[in-house]
Amino acid sequence: MKTKFTSANVVKFVLIMGLFSTIFSCIKDLPIGGGGNPGGSKPAFNLNVILTSPTKGSRGSGFLEFRQDPDTNRIIDLDTRVSHLEPNHAYILERAVNPIADSTGCSSTTWLKLGLGLVPQSIHTDAFGNGEADLWRNVTSAARGAAFHIHFQVIDSASSTPVLISDCYNYAIR
């Protein structure tokens, strides 16, 4: 029995091979946070930061969308969401940085409260322990291209106890 190679069969074969190579050749081992960060050697302008509880067995979690628009104002948007924390309570997002040349990574414990520019802003949870806040930070005092190791924590506003922490990320000022 002879197989006839029609143009329809060739197109089907090419599409199947393209689909096959797409499925099996994509990168599947990127760390959470994306694109080689956290701990990546190339600093990113934008980060997707995962916040987890430092307490074993706690369900608390959070997500921080760290975005730098390519504008002259050099504003970093910090869209923050937390979940499974104490209901009807206030929390504060903090960050600590080290210069990228510092081989100790995120060793800094000099925490800066974040909010609306220079004014710290609380993240308030609802009756279910979920909350969100659209925060921002002006970084015009830092030179474009300056790179840093950065890590975040969410603290209880009453006790200053960390309830959520992040891994170490690398970022650069756009």
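The values are calculated or read from the model by the stated rules, or taken from the named source; none is laboratory data. Being a predicted model, the structure only gives us computed values, none of them experimental. Note that each Cβ is placed from the backbone with ideal geometry, even for glycine, and that neighbours are counted across all protein chains shown.
Yes or no: region 149-157 includes at least one residue that is in contact with a Pro (Cβ under 6 Å, 6 or more places away or on another chain) and within 20 Å of N48 (Cβ to Cβ).
Looking for residues that are in contact with a Pro (Cβ under 6 Å, 6 or more places away or on another chain) and within 20 Å of N48 (Cβ to Cβ), one finds at least one in region 149-157, hence yes.
Could you identify the single residue in D77, D102, D156, D126 that is under 25 Å from K42 (Cα atoms), charged (D, E, K, R) and over 20 Å from the mean Cα position of the chain (by Cα)?
D102
The conditions are (1) of a type in the set (D, E, K, R); (2) more than 21 Å from K42 (Cβ to Cβ); (3) touching a strand residue (DSSP E or B) at 6+ places or on another chain (Cβ under 8 Å), and D71 fails exactly one of them. Which is it?
It is condition (3) that D71 fails.
Filtering region 20-59 down to residues that are under 13 Å from I165 (Cβ atoms) and at pLDDT 95 or above, which residue is nearest to the chain's Cα centre (by Cα)?
Top of the filtered list is V49.
Which ranges mark the strands (runs of 3 or more DSSP E) fully within region 111-174 that have 2 or more residues being without any contact (Cβ under 8 Å) to a residue 40 or more places away in the chain?
Once the strands (runs of 3 or more DSSP E) in region 111-174 are filtered for at least 2 residues that are without any contact (Cβ under 8 Å) to a residue 40 or more places away in the chain, what remains is 122-124.
If S108 satisfies every condition in (1) exposed (fewer than 15 other Cβ atoms within 10 Å of the Cβ); (2) at pLDDT 95 or above; (3) under 14 Å from S166 (Cα atoms) but one, which is the exception?
The number of the failed condition is (1).
In region 120-151, how many are among the charged types (D, E, K, R), touching a Leu at 6+ places or on another chain (Cβ under 9 Å) and surrounded by 14 or more Cβ atoms within 10 Å (Cβ to Cβ)?
Qualifying residue count for the region: 1.
Can you find a residue in region 48-58 that is within 14 Å of Y169 (Cα to Cα) and loosely packed, with under 12 Cβ neighbours inside 10 Å?
There is no residue in region 48-58 that is within 14 Å of Y169 (Cα to Cα) and loosely packed, with under 12 Cβ neighbours inside 10 Å.
Note down all Cβ pairs under 7 Å where the first residue falls in region 73-92 and is farther than 13 Å from S157 by Cα and among the acidic types (D, E), the second is assigned to a strand (DSSP E or B) and modelled with pLDDT of 95 or more, and they're at least six residues apart or on different chains.
Filtered contacts from region 73-92: D77/R67; D77/W136; D79/E65; D79/D134.
Quick check on my filter: what residues within region 152-162 are under 12 Å from H89 (Cβ atoms) and surrounded by 15 or more Cβ atoms within 10 Å (Cβ to Cβ)?
Once the filter is applied, which keeps residues that are under 12 Å from H89 (Cβ atoms) and surrounded by 15 or more Cβ atoms within 10 Å (Cβ to Cβ), region 152-162 yields V154, I155, D156, S157.
Within the group F128, F152, which residue is out of contact with any Ser or Thr (no Cβ under 7 Å at 6 or more places or on another chain), of a type outside the set (D, E) and farther than 16 Å from I75 by Cα?
Residue meeting the stated conditions: F128.
I'd like the full set of residues that are farther than 24 Å from V119 by Cβ and touching a residue at least 60 places away in the same chain (Cβ under 8 Å), limited to region 59-72.
Within region 59-72, G60, S61, P70 meet the criteria.
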